[in-house]
1. What are the residues in region 38-71 that are closer than 11 Å to Tyr162 by Cβ, in a loop (DSSP other than H, G, I, E, B) and under 10 Å from the mean Cα position of the chain (by Cα), if any?
2. Looking only at region 136-150, which residues are closer than 12 Å to Gly25 by Cα and small (Gly, Ala, Ser)?
3. State which residue pairs qualify: first residue in contact (Cβ under 8 Å) with a residue 12 or more places away in the chain and inside region 145-161, second residue surrounded by 14 or more Cβ atoms within 10 Å (Cβ to Cβ) and among the aromatic types (Phe, Trp, Tyr) in any location, beta carbons under 8 Å apart, and separation of 6 or more residues or different chains.
4. Which condition from (1) in contact (Cβ under 8 Å) with a residue 60 or more places away in the chain; (2) not in a loop (DSSP other than H, G, I, E, B) is the one that Ser74 breaks?
5. Condition first: closer than 30 Å to Leu43 by Cα, within 13 Å of the chain's Cα centre (by Cα) and either at pLDDT 60 or above or assigned to a loop (DSSP other than H, G, I, E, B) (or both). Can you find one or more residues in region 87-101 that meet it?
6. List pairs: first residue in region 119-142 and at positive phi, second residue modelled with pLDDT under 70 anywhere in the structure, Cβ distance under 7 angstrom, at least six positions apart or on different chains.
7. Filter region 133-162 down to the residues that are in contact with a Lys or Arg (Cβ under 7 Å, 6 or more places away or on another chain) and assigned to a loop (DSSP other than H, G, I, E, B) and list them by number.
Amino acid sequence: MLIYTESDREPTVMKDGTSCPNAGGPRAFMLDSATTVRSTPKLLEVAPLRSHRFTCRPGKPCSVVVTGYGLQESDHVTILPADGSCPPEDLGQAVQEQVISSKRQIRTSSKTTYDYSVRPQNEQTIMTVFDLKPLDEGKYIVCYATSRSTRGEDPVAKDFHYKAGEIGKDVMRSHNTSWNLATDNASQSV
């Protein structure tokens, strides 16, 4: 069996238990199959689906929502400066507390979450939500560790090998809109 992982360009040939992919920490895979339609089952890596682009207002708490295959509320992220990489050498490089666990999840339809070409056969999917403390203005990367691959143990630095996305500075401009109800015209100041 050939196993492709997000970080490996070449597949790993699975002959026995000693030939698992080992770049970074352990990985988990799930069989994606449907009982209601005729389709070929697939083996999917439990991981964020793609690298997301998150926006947070500097100095304000924010939440980031991550989509992917097999994600759980017990998954974790760590936030690194933009020049960092996943997995970090050690968790001391983290910007906020070393490990942030998800406190919430969103259950939604796979049809509304995924593009047709990457949609799993399961009709429901879980998106994990992470509440971040206020960040200084700047750019950061979000490294992800799945609880399925750590088997519920607390993750260590090498387990954060998935890049879930980037956080960029928010370019929000405040503006006021006032309405003149007599003429139904709006004036806007920036």
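The values are calculated or read from the model by the stated rules, or taken from the named source; none is laboratory data. Since the structure is predicted, the reported quantities are computational estimates derived from the model, not experimental observations. Because the Cβ atoms are built from the backbone with ideal geometry, glycine has one as well, and the counts that use them run over all protein chains shown.
1. Of everything in region 38-71, those that are closer than 11 Å to Tyr162 by Cβ, in a loop (DSSP other than H, G, I, E, B) and under 10 Å from the mean Cα position of the chain (by Cα) turn out to be Leu49, Arg50, Ser51, Leu71.
2. Scanning region 136-150 gives Ala145, Ser147, Ser149.
3. Ala145/Phe160; Ala145/Tyr162; Thr146/Tyr162; Phe160/Tyr144
4. Unmet condition: (2).
5. yes
6. Partner pairs satisfying both residue conditions: Gly138/Lys169.
7. Of everything in region 133-162, those that are in contact with a Lys or Arg (Cβ under 7 Å, 6 or more places away or on another chain) and assigned to a loop (DSSP other than H, G, I, E, B) turn out to be Pro134, Glu137, Gly138, Lys139.
Each row is one residue, and each column tells you yes or no for (1) touching a helix residue (DSSP H, G or I) at 6+ places or on another chain (Cβ under 6 Å); (2) surrounded by fewer than 18 Cβ atoms within 10 Å (Cβ to Cβ); (3) at pLDDT below 65.
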{"site": "Met14", "(1), (2), (3)": "no, yes, yes"}
{"site": "Cys20", "(1), (2), (3)": "no, yes, yes"}
{"site": "Ala28", "(1), (2), (3)": "yes, yes, no"}
{"site": "Thr35", "(1), (2), (3)": "no, yes, yes"}
{"site": "Leu43", "(1), (2), (3)": "no, yes, no"}
{"site": "Thr67", "(1), (2), (3)": "yes, no, no"}
{"site": "Ile106", "(1), (2), (3)": "no, yes, no"}
{"site": "Lys111", "(1), (2), (3)": "no, yes, yes"}
